[in-house]
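Visitor: Please find one structure pasted underneath; my questions will follow.
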Amino acid sequence: MYAQDWNGRSLQTALAEQPSLQLSLYSFGAILRKATDNCGFTEFPVDPDEIARALSAKTIFTTGLMTDDVLYVHQKGVKQTVVGFRKRQRTGIWLEGSDEPLRVPLPDLVLIRTTTNGQSPDYRLYAVKGRPTMLDAPLFHTPLPNVYQSGGICWGNIGLGAIRGTSLAQDWDTLLGTRFGSHAVSGKCKSHPDDVRKMLIDLNANQRRRVYPKSELIPANKSLAQVLGIEEESA
């Protein structure tokens, strides 16, 4: 029915129509009343939280690229994706079996966290050459152990609790403050394709090098938009 039809008899007809579904809220809970085919009704209790999740599932919120350390936020119902940026800098990292941390320059990094209703976070970590300003920015494999070719992170026995808000500060602290093991060490840098830990040890020994060499980065052959599943928006 078009807007111009909402007057006279058309409006009266619409107002006389019986609802097919009614939600009643009481102090003790919520009751859903649904019409049946035999002109009757059935009633059953519903969880208000479930109603809120069902309604919010239709809501989509996207910031686009942002200007701070949080690059991008996409909210669709209870599913949230946050993209954070960490500028290249010298960082202390721990390797399993070592008593002292390595002080190494790490490249620019992008961390992608996806949660559903704030639970069970899923992460992707990639290196980049500079802060992304477009969604089609190319990604590179992260020169760290415990990060798979897909960008997924092996957290070991680290417990990841409920997530609130869009800040990734605690996520970065947890990631870089944890000892890195022997998983997923190959294919991370050009000079030591068999084991990126050798590259990190070399960087630690060369204290004069302040910046991670971009020439060592290996392309992941995908863009930020492709990882986020919004390739069409980058056009």
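Visitor: Looking at region 178-201, which of its residues are modelled with pLDDT of 95 or more, out of contact with any Pro (no Cβ under 8 Å at 6 or more places or on another chain) and charged (D, E, K, R)?
Guide: Passing the criteria: Lys190, Asp194, Asp195, Lys198.
Visitor: Scan Leu111, Leu175, Leu144, Leu139 and give me the residue that is within 30 Å of Asn206 (Cβ to Cβ), at pLDDT 90 or above and either assigned to a helix (DSSP H, G or I) or not assigned by TED's automatic domain parsing to the domain that holds Val73 (or both).
Guide: Step by step, each of Leu111, Leu175, Leu144, Leu139 is checked, and only Leu175 is within 30 Å of Asn206 (Cβ to Cβ), at pLDDT 90 or above and either assigned to a helix (DSSP H, G or I) or not assigned by TED's automatic domain parsing to the domain that holds Val73 (or both).
Visitor: Take Tyr123 and tell me if it is assigned by TED's automatic domain parsing to the domain that holds Ser191 and in contact with an Asp or Glu (Cβ under 8 Å, 6 or more places away or on another chain).
Guide: Yes.
Visitor: Among the residues of region 178-203, which ones are touching a residue at least 60 places away in the same chain (Cβ under 8 Å) and not aromatic (Phe, Trp, Tyr)?
Guide: Thr178, Arg179, Gly181, Ser182, Arg197, Leu200, Ile201, Leu203
Visitor: Collect the residues in region 95-138 that are under 23 Å from Lys190 (Cα atoms) and touching a Pro at 6+ places or on another chain (Cβ under 8 Å), keeping them in residue-number order.
Guide: Hits for region 95-138 are Leu95, Leu106, Pro107, Val110, Ala127, Val128, Lys129, Pro138.
Visitor: Within region 181-235, restricting attention to residues that are within 29 Å of the chain's Cα centre (by Cα) and among the hydroxyl-bearing types (Ser, Thr, Tyr), which residue is nearest to Arg113 (Cα to Cα)?
Guide: So, considering only residues that are within 29 Å of the chain's Cα centre (by Cα) and among the hydroxyl-bearing types (Ser, Thr, Tyr), the one nearest to Arg113 (Cα to Cα) is Ser223.
Visitor: Another question about this same structure. Just to be sure I understand, how many residues within region 186-226 are touching a strand residue (DSSP E or B) at 6+ places or on another chain (Cβ under 8 Å), in a loop (DSSP other than H, G, I, E, B) and surrounded by fewer than 18 Cβ atoms within 10 Å (Cβ to Cβ)?
Guide: Residues in region 186-226 being touching a strand residue (DSSP E or B) at 6+ places or on another chain (Cβ under 8 Å), in a loop (DSSP other than H, G, I, E, B) and surrounded by fewer than 18 Cβ atoms within 10 Å (Cβ to Cβ): 5 in total.
The values are calculated or read from the model by the stated rules, or taken from the named source; none is laboratory data. Remember, predicted model here, so these are calculated numbers, not experimental data. So basically every Cβ, Gly included, is an ideal-geometry build from the backbone, and we count neighbours across all protein chains shown.
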